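I have placed the structure first, in the form of structure tokens, so that the comments after it can refer back to it.
The values are calculated or read from the model by the stated rules, or taken from the named source; none is laboratory data. Since we're looking at a predicted model, the values are computed, not measured. Counting neighbours? That spans all protein chains shown, and the Cβs are built from the backbone with ideal geometry, glycine included. Each accessible area value is taken on the protein alone, full model and side chains, heavy atoms only, with ligands, DNA and RNA left out. Shrake-Rupley method; radii C 1.70, N 1.55, O 1.52, S 1.80 Å.
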Amino acid sequence: MKINQLVYAFLLIAGSSQAQISKMFVIKKDSSRFELTLSGASHLASLPLKCIEQEFPNKTSHTSNSNSDHILLPRQLHPAFYGCFDWHSCVHGHWMLVKLLKLFPALPEASAIRNTINKTITKENIAQEVRYFDMPLTASWERTYGWAWLLKLDEELLSWNDEDGKQWHEALQPLVQKVVDVWTKFLPKQTYRNRTGVHPNTAFGLVFALDHARAVKNNAFEKAIIASAMRIYGKDKNAPAIWEPDGSDFLSPSLEEADLLRRVLSPTEFTSWFGNFFSLQSLEHLTILPVVSDRTDLQIVHLDGLSFSRSWCMKGLAAALPVTDPRKKLLQQSSKNHLAAALPNVVSGNYGGEHWLASFAVYALTIDDIKPLN
């Protein structure tokens, strides 16, 4: 089945019209990939714009230290990133808006995006965010998922020649440095990796951290990340991928690990490691699309995110494998299938998915193929 046939099949299931989706995403003539349109970018941008300044509902995950901080509102705890239900979703909502504005300068929401971020990412607000990390019992707060998205936001701003972008990037630096510092201290203490398919997943965080370290040329952080990755993942074999997914996964533990190792190993080393890590049976199992039975359930809807993250991992892994490797085509096709299945659900209208899922969609649609080291 070609990619355009897949799209329309899943749209029919989702109750969306072909006309509606064709305004948001187009398919290249060679059916090789989806591309986001201006109309699609506009719709996706509207989702975080609705929630970045929406304080409730909110999951702060705050641990009170005394009666002086147990009644603080989300906006008081986190004046920069208090919206979109939780801190990390608000952070990657900011990342998505910056990404879309870079890709589509004529975005109808451009002024609204700039006005919103000018209110959230200020030196004063970021100073409070830094102070939060200095409070007792916050050493593991947002580790490492929220940390990773904060660094991805900084990486996006770094490569943007825009006056507002430069201002936001400068304001963000104290928090970025705080995250790099706490992460650097944590790396040698992490004896065991977290293989979960949700926020604490170690490999996902290290992927974003490594991308950031290389973008900003932080050689010390890069070396520490690579050393940690090799220490806790380098000897892994026979991934139990047939056990995936768990019921609330939005990340694939095995694919995320491979996505990390392709960044730290040479092509020859990675191909060898990959062959020992995945059997053909386990890879074929991961091509089975996740079933999302209830998109109003805040945990079950995570599985839509799993389709997006599988898609970007498979795309990157396929790019890292030799042209003659039969697993390459398997991963390429599965990447497209997962993306086709998930895209209609970004517009489901349920806040449980809307407050974060669009960021996963944009990342899956726009990620570049990162080759292994030469």
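Taken as a whole, the condition of being open to solvent by 10 Å² or more (accessible area, probe 1.4 Å), within 21 Å of the chain's Cα centre (by Cα) and more than 26 Å from residue 334 (Cα to Cα) applies to residue 222.
Selection of the range 67-112 for residues being among the acidic types (Asp, Glu) and either open to solvent by less than 10 Å² (accessible area, probe 1.4 Å) or out of contact with any Phe, Trp or Tyr (no Cβ under 9 Å at 6 or more places or on another chain) (or both) yields 69, 109.
What are the residues in the range 265-280 that are part of a helix (DSSP H, G or I) and open to solvent by 10 Å² or more (accessible area, probe 1.4 Å), if any? Within the range 265-280, 267, 268, 269, 271, 272, 273, 275, 276, 280 meet the criteria. Residues that are within 23 Å of the chain's Cα centre (by Cα), assigned to a loop (DSSP other than H, G, I, E, B) and at pLDDT below 95 occur at least once in the range 19-36. Cβ-Cβ contacts under 8 Å between residues 6 or more apart (or on different chains), taken from a first residue in the range 307-324 that is farther than 11 Å from residue 274 by Cβ to a second residue that is open to solvent by 10 Å² or more (accessible area, probe 1.4 Å) and among the acidic types (Asp, Glu), are listed as 315/369; 316/369; 319/369. Out of curiosity, is residue 341 within 17 Å of residue 279 (Cα to Cα) and part of a helix (DSSP H, G or I)? Here the answer is no, as residue 341 does not meet what is asked.
For (1) touching a Ser or Thr at 6+ places or on another chain (Cβ under 7 Å); (2) buried (at least 20 other Cβ atoms within 10 Å of the Cβ); (3) of a type in the set (A, V, I, L, M); (4) within 19 Å of residue 254 (Cα to Cα), each residue gets a yes or a no:
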site: 282; (1), (2), (3), (4): no, no, no, yes
site: 292; (1), (2), (3), (4): no, yes, yes, no
site: 295; (1), (2), (3), (4): yes, no, no, no
site: 301; (1), (2), (3), (4): no, yes, yes, no
site: 309; (1), (2), (3), (4): yes, yes, no, yes
site: 314; (1), (2), (3), (4): yes, yes, yes, yes
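For the range 344-360, the candidate set comprises residues that are within 15 Å of the chain's Cα centre (by Cα) and not in a helix (DSSP H, G or I); within that set, the residue that is surrounded by the fewest Cβ atoms within 10 Å (Cβ to Cβ) is 355. Residue check, residue 262 against (1) in a loop (DSSP other than H, G, I, E, B); (2) among the basic types (Lys, Arg); (3) open to solvent by less than 30 Å² (accessible area, probe 1.4 Å), all met but one. Which one? With respect to (1) in a loop (DSSP other than H, G, I, E, B); (2) among the basic types (Lys, Arg); (3) open to solvent by less than 30 Å² (accessible area, probe 1.4 Å), residue 262 is out only on (1).
The set of residues from the range 185-214 being open to solvent by 50 Å² or more (accessible area, probe 1.4 Å) and in a helix (DSSP H, G or I) comprises 185, 188, 189, 214.
When restricted to residues that are among the aliphatic types (A, V, I, L, M) and within 20 Å of the chain's Cα centre (by Cα), the range 130-179 contains 10. Residues satisfying the criterion are present in the range 52-66 (criterion: modelled with pLDDT of 90 or more, out of contact with any helix residue (DSSP H, G or I) (no Cβ under 8 Å at 6 or more places or on another chain), among the charged types (D, E, K, R) and open to solvent by 40 Å² or more (accessible area, probe 1.4 Å)). As a summary of the residue check, residue 291 satisfies the conditions (1) part of a helix (DSSP H, G or I); (2) of a type in the set (A, V, I, L, M, F, W, C); (3) touching a Leu at 6+ places or on another chain (Cβ under 9 Å) except for the one numbered (1).
I'd like to know if the range 317-330 contains one or more residues that are closer than 15 Å to residue 251 by Cα, in contact with a Ser or Thr (Cβ under 7 Å, 6 or more places away or on another chain) and part of a helix (DSSP H, G or I). No, that holds for no residue. If a residue has to be polar (S, T, N, Q), within 15 Å of residue 254 (Cβ to Cβ) and in contact (Cβ under 8 Å) with a residue 40 or more places away in the chain to count, how many in the range 188-228 make the cut? Of the residues in that region, 3 qualify. Among the residues of the range 137-182, those that are of a type in the set (Asp, Glu) and open to solvent by 60 Å² or more (accessible area, probe 1.4 Å) comprise 163, 170, 181.
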